[in-house]
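The values are calculated or read from the model by the stated rules, or taken from the named source; none is laboratory data. As the structure is a prediction and not an experimental result, all values here were calculated from the model. Cβ placement follows ideal geometry from the backbone for every residue including glycine, while neighbour counts extend to all protein chains displayed. Protein only, heavy atoms only, side chains kept; ligands, DNA and RNA dropped before computing areas. Shrake-Rupley method; radii C 1.70, N 1.55, O 1.52, S 1.80 Å.
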Amino acid sequence: MFNNKWKKRFINLAYSIAKWSKDPSTKVGCVIVNKDKRIISTGYNGFPEEILDNSKNLLNRQFKLENVIHAEHNAILNTDFFNEENCIMFITKAPCRHCANKIIETRKVSEVCYPEIDLKSSWVESQIKGQKALKEAGILITTYKPSFLQKLQMYIDVKFTKIGYNFYVLS
């Protein structure tokens, strides 16, 4: 639907949005775009509004696993698909099986674009199941290799968050 120039723009935007997450260990961003290249929603991983994103909660792995809303889910919650169809979702990590099911349930996303699955990730099993579900539902999957700069920016942002600094790249 889009040429590579547009896909790169939306992938880069997803990486920028990922930095909004306050999670000190994982930052994921998502952008949903309609067929006219209009951004209809964005999302990043984080707690629901009423749960404090303080150090106590952010550093408790079990608490995070139980309470964080994933970027894809947040993007879906933040949009109104009323008049949309054939949207593309750009994500900075492969969706887990739960998020893949939520993507399928929208009945509005026809393509999902994310990096190749990291086989060393603790999420690999869930991501492979998610990929299988998306394929089974007839949703096109486009994978990409993150650029060195994208990886470096995420690494630096995670490291600075862990020691209590916010890091911003001005261009």
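Rolling a 1.4 Å probe over the protein heavy atoms gives the chain an accessible area of 61 Å² per residue. Only bridges with both residues in the range 22-119 count here: give the DSSP antiparallel percent, nearest 5. Close to 70 percent. The modelled label-to-label distance between Ile128 and Glu50, using points 7 Å beyond Cα along the C-beta direction, is 3.9 nm.
How much FRET efficiency would the formula 1/(1 + (r/R0)^6) give for Asn83 and Lys37, where r is the Cβ-Cβ distance and R0 is 22 Å, rounded to 0.05?
On the way: r = 16 Å, r/R0 = 0.71.
Between Asn83 and Lys37 the formula returns 0.90.
Using the rule -39500 (n - 2.57) for each DSSP H run of four or more residues, divided by the residues of the chain, the 222 nm mean residue ellipticity is -12000 deg cm²/dmol. Remark: the Cα gyration tensor places the chain in the prolate category, a/c being 1.5 or greater and a/b exceeding b/c. Given a 1.4 Å probe and every protein chain left where it sits, what share in percent of the accessible area of the chain is carbon and sulfur? Reported share for carbon and sulfur atoms: 51 percent.
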